[in-house]
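The values are calculated or read from the model by the stated rules, or taken from the named source; none is laboratory data. For clarity, every value in this text was computed on a predicted model and none was experimentally measured. Heads up, the Cβs are rebuilt from the backbone with ideal geometry, glycines too, and the neighbour counts pull from every protein chain shown. We work out accessible area using only protein heavy atoms, side chains counted, and drop any ligands, DNA or RNA first. Shrake-Rupley method; radii C 1.70, N 1.55, O 1.52, S 1.80 Å.
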Amino acid sequence: SSSACGITRAPAAMKRRRQLESLKEIFTVLFEVRGSVLPRALIFALPCALFALSLKLLLDSGHVKFLTDGEGNGMMILANSAAYSGINLAMSFLFVFRTSQAYSRFWEGFSVGHRMYAEWFDFASSVIAFSRYSKKNSQATTAFHHRLVRLVSLLHAAAVAQLRGMDGSHFDLIDLPGLDDDLIDYALACDHPVQLVFHWVMELVVEGQENGIVAAPPPIVSRAFQELANGLVAFHDASKIQTTHFPLPYLQMQSLLLLAHLVTTPFVMCQWVNWPSWVFLLTLVQTLIFWALYFTASEIEFPFLHGGRMMKYGAKELHFEFNQQLLVLIEKGAHAIPALTGHAILHVETLRKDKCSHDLEYNGVQRASQKRLKRWSAKPFRKVRNLVSRREDRDRNFAELLRRDRHSGRPVGSKGSTGTSRSKTGKTLGEG
């Protein structure tokens, strides 16, 4: 059944499928090795647990004399657990604090990276829209559009390459040989390529405004310059995260407590626990947790460096998608605004009562997606191709649900329908 706002609920079969996928994801993440900190934590925790087990076996057999009172009775190293609990409390505070700060840096790094991406794309879209009523011929306007998207693509590639500490040749660019070779070589040899390309883009817009290609009034064009500048501010925010390290005093205290905990835990567990197997297990768990938290904080506090797929900024994939979106702006269909047809409903009350939503032609979307995959099949972007394939599978399942609704005789978006539905806000579910 559908709710009052027109949102259709998924059938029970789809809910069960999502539950099974969630359960599968839990086990997949649990046994994921790439990007995991557990193997590194086990390097320290496992020897400590084996030492505790060996020490307990030697104590029980009487081969260790320095921990006994001479008559074979074990000596209590800590008659009270307050000292050891104090060490654990101090470690917990420091590790929770550092992990929370590292996660804040991790989330902020991803946020400013995507904001830089969005601001520069919005800038390119605005400038191309401002040139719709260009005073120059179509050939000069098209040349301006192509120069703009190439320079913006070069700007984004230089920015993400500098954040990752990589050479810019690792990123695909939109027809780089189509630009002046001498100036491109100068940009590659420059110590600050991001600022140089940023200046080129501003000069290009000013040139287009002077030549009459950018036909919008100067106060309106200033909005595009503001979006371009916001992207550069986001880049500097990301650079701040990348170059600022965690304070050294906290790291020293954390390392000191880690080593103290690693040394004292086997002796304490041997005195407090009777069974050797439980001595091994409890020592392993305690040391593994603290070392895993330490490596987790070290891994995520620099989100732009190379690392595991789940904890690092996907620079190549994001730049690939950025190029695809820039190419959409200069396609011929992007400059044709849809017009009303002869059977368009112009009566407002009729539109309010119309509860039927119309889906886009799925076959056309599928053909365009397959054409894009064929175009990039020779590129080494396996992750991106998998992402597009998953999107195609999702669209294919969505189209199958729409066909079932049509065969059952129920209009899409009606009660009990599994298709899209338009809410009172005018947004169609599934458009995202």
- Within the stretch 269-287, considering residues that are under 30 Å from Phe246 (Cα atoms) and either of a type in the set (D, E, K, R) or open to solvent by less than 40 Å² (accessible area, probe 1.4 Å) (or both), the one farthest from the chain's Cα centre (by Cα): Thr283
- Query: In the set Asp172, Asp182, which member is surrounded by fewer than 14 Cβ atoms within 10 Å (Cβ to Cβ) and either closer than 30 Å to Thr141 by Cβ or more than 31 Å from the chain's Cα centre (by Cα) (or both)?
  - Reply: Asp182
- Query: Counting just the residues of the stretch 216-260 that are of a type in the set (Val, Ile, Thr) and in a helix (DSSP H, G or I), which one comes out modelled with the lowest pLDDT?
  - Reply: Thr243
- Assess whether Gly208 counts as being part of a helix (DSSP H, G or I), of a type in the set (Gly, Ala, Ser) and over 27 Å from Ala315 (Cβ atoms). yes
- Query: Restricting attention to the stretch 201-216, does a residue exist that is buried (at least 17 other Cβ atoms within 10 Å of the Cβ) and within 29 Å of the chain's Cα centre (by Cα)?
  - Reply: yes
- With respect to Ala140, is the statement that it is open to solvent by 30 Å² or more (accessible area, probe 1.4 Å) and among the small types (Gly, Ala, Ser) true? yes
- Among the residues of the stretch 112-156, count how many are closer than 18 Å to Leu204 by Cα and part of a helix (DSSP H, G or I). 31
